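Q: Once you've had a glance at the structure underneath, I'll fire off some questions.
The values are calculated or read from the model by the stated rules, or taken from the named source; none is laboratory data. The structure presented is a predicted model; accordingly, all values stated were derived computationally and were not measured. All Cβ positions, glycine included, derive from the backbone under ideal geometry; neighbour counts span all protein chains shown. Protein only, heavy atoms only, side chains kept; ligands, DNA and RNA dropped before computing areas. Shrake-Rupley method; radii C 1.70, N 1.55, O 1.52, S 1.80 Å.
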Amino acid sequence: ATERAALRTGAEDTVATVGVFRIQPDAVNSVPREALLEIDVRDIDGPRRDEVVAEILSAAESIAATRKVKMEYEMINQDPPATCGQHVVDAVTSSAKELGYSVKSMVSRAYHDSLFMAKIAPTAMIFIPCRDGVSHRPDEFASPEDLKRGVETLALTMAKLSVHGYTEEAKEEL
């Protein structure tokens, strides 16, 4: 139901994951008395994300009624999506290009500090390549060269923003 609800939107920016699935009594020869699922739904469009959550909850309630079992849920958080400050993104982009590095604009669906920083200041993120595209896992690896490129891009971006400020008018100066 979780995957179906996310895919039904047709949007590549809608993702849903069952990250935790615990069965009790956790025995191969027992009928489970309890199942705990933790579901994470993310999207750059808040209302669309909320529709996916509602669809998942409706499916869970329907399944519970059919199976004559009790279903409870708790919403742990429902933070609104954050948009990066375009002026800061432009400063990162111009810095990377000035240093001769390639640039790829991306949407990050991960839960980063920028989600909260965007509430108080324009923000952006700099991602560097990781081996096989793997990140946020123990086997994540970034080469020293790519780390260096990321640091250089950040340093030049900060220098540009410190001189030109955060205003949209300063965007032309970059």
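Q: Which ones in the range 79-88 are within 17 Å of the chain's Cα centre (by Cα) and buried (at least 16 other Cβ atoms within 10 Å of the Cβ)? Give the derivation first.
A: Going residue by residue through the range 79-88, those that are within 17 Å of the chain's Cα centre (by Cα) are 79-85.
Correct list: 81, 82, 84, 85.
Q: Pick from 115, 99: which is open to solvent by less than 60 Å² (accessible area, probe 1.4 Å) and either modelled with pLDDT under 95 or not hydroxyl-bearing (Ser, Thr, Tyr) (or both)?
A: 115 is the lone residue from the list that is open to solvent by less than 60 Å² (accessible area, probe 1.4 Å) and either modelled with pLDDT under 95 or not hydroxyl-bearing (Ser, Thr, Tyr) (or both).
Q: For residue 131, are the conditions met, namely being in contact with a Leu (Cβ under 8 Å, 6 or more places away or on another chain), open to solvent by 90 Å² or more (accessible area, probe 1.4 Å) and over 23 Å from residue 40 (Cα atoms)?
A: It is false that residue 131 is in contact with a Leu (Cβ under 8 Å, 6 or more places away or on another chain), open to solvent by 90 Å² or more (accessible area, probe 1.4 Å) and over 23 Å from residue 40 (Cα atoms).
Q: If I go through the range 38-50 residue by residue, how many of them are surrounded by fewer than 19 Cβ atoms within 10 Å (Cβ to Cβ), under 11 Å from residue 15 (Cα atoms) and not charged (D, E, K, R)?
A: Final tally of qualifying residues: 1.
Q: Inside the range 93-117, can you point out the residues that are of a type in the set (Gly, Ala, Ser), touching a residue at least 24 places away in the same chain (Cβ under 8 Å) and farther than 16 Å from residue 161 by Cα?
A: Across the range 93-117, the qualifying residues are 110, 114.
Q: I would also like to ask the following. What are the residue pairs meeting all of these: first residue in the range 8-27, first residue surrounded by 11 or more Cβ atoms within 10 Å (Cβ to Cβ), second residue part of a strand (DSSP E or B), Cβ atoms under 6 Å, and 6 or more apart or on different chains?
A: Final answer for the pair search is 15/42; 16/41; 17/40; 18/37; 18/39; 22/36; 23/35; 24/34.
Q: Inspect all residues belonging to the range 51-64 and state whether any of them is under 17 Å from residue 6 (Cβ atoms), of a type in the set (S, T, N, Q) and either at pLDDT 95 or above or surrounded by 12 or more Cβ atoms within 10 Å (Cβ to Cβ) (or both).
A: yes
Q: Same structure again: Pick from the range 95-114 the residues that are within 23 Å of the chain's Cα centre (by Cα) and part of a helix (DSSP H, G or I): which of them is farthest from residue 17 (Cα to Cα)? Explain how you work it out, then say what you get.
A: Going residue by residue through the range 95-114, those that are within 23 Å of the chain's Cα centre (by Cα) are 96, 102-114.
Now restrict to residues that are part of a helix (DSSP H, G or I): 96, 114.
Numbers: 96: 33, 114: 21 Å.
Across the range 95-114, the extreme among qualifying residues is 96.
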